[in-house]
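Just so it is clear, none of the values below were taken in a lab; they were calculated from the coordinates. In this text the structure is predicted, and so the values were computed from the model without any measurement. Neighbour counts are summed over all protein chains in view; Cβ atoms, including those assigned to glycine, are modelled from backbone coordinates with ideal geometry.
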Amino acid sequence: MRKAKTTGIKKASAPRPKPNSSIYDLAQLVLRCLSEGTGVDIEGLGAFKPDGAGGYLFLGETKPQVFLAYAVEDLPFAGKLFEALAKHGFEPWLDKRKLLPGQNWPRAIERAIEASSFFVACMSHRSVTKRGRFHADMRYALDCASMQPLGETYFIPVRLDDCEVPAEIQRSFQYLDLYPDWGKGVQHLIDVMRQQERKQRRRNLKPRAA
């Protein structure tokens, strides 16, 4: 089998694993589905789909980028969330970890928000009442969210304490709590993003109209 990169789209030749093995059975299942015009999504690897010309494409699974917005007073919580998401296969984006010396940071932050699969707003008594970059980032992300297809999950407010979520956000987005049980809250966040990723992959597997 010709090696296919794990990112982007790559044409691949038919696999030839050894018979009487679980890999062989999986390969036969994939080929059968592709021959019937059905795509196959393999968790943790990527997706195979017909290319419309008798062959098939492999779309490697990439790490979803997650932008973390926070007030500077909440940096310890944001850093902790960064580590948790990275551990679970995401690509978290945190300004203190990603910005380079001399970089145009306002534009770099906007580009990161635009490129992210998810925007997580870390809300607390400190962040919701303080003027500054946190609210500017949220406003920019809300503009990005308005351009997402209906039903897509992109903007995710999370509470670090029992703060009141701004009414404008409550009207449009369901928030989740990372307190009092941090581990349970983080797992809930991960489940929400994984569900959206699966939905996106299923959409990508649908054959395009001729």
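Output the Cα-based Rg and Dmax of the stretch 61-104 in Å, rounding Rg to one decimal and Dmax to a whole number.
So, for the stretch 61-104, Rg and Dmax equal 11.1, 35 Å respectively.
Sort Asp143, Asp74 so the one with the fewest other Cβ atoms within 10 Å of its own Cβ comes first.
Placing the least packed residue first, the sequence is Asp143, Asp74.
Compute the separation of the alpha-carbon centres of the stretch 144-189 and the stretch 68-93 and state it in Å as a whole number.
15 Å
Could you tell me the relative contact order of the stretch 65-197? Use alpha-carbon pairs under 8 Å, at least six residues apart, and round to a whole percent.
Relative contact order of the stretch 65-197: 25 percent.
Checking the table Lys96/Lys130; Lys98/Lys184; Lys130/Lys184; Lys96/Lys199; Lys63/Lys130 against a 23 Å threshold on Cα-Cα, which pairs fail?
As for pairs spanning more than 23 Å Cα to Cα, those are Lys98/Lys184; Lys130/Lys184; Lys96/Lys199; Lys63/Lys130.
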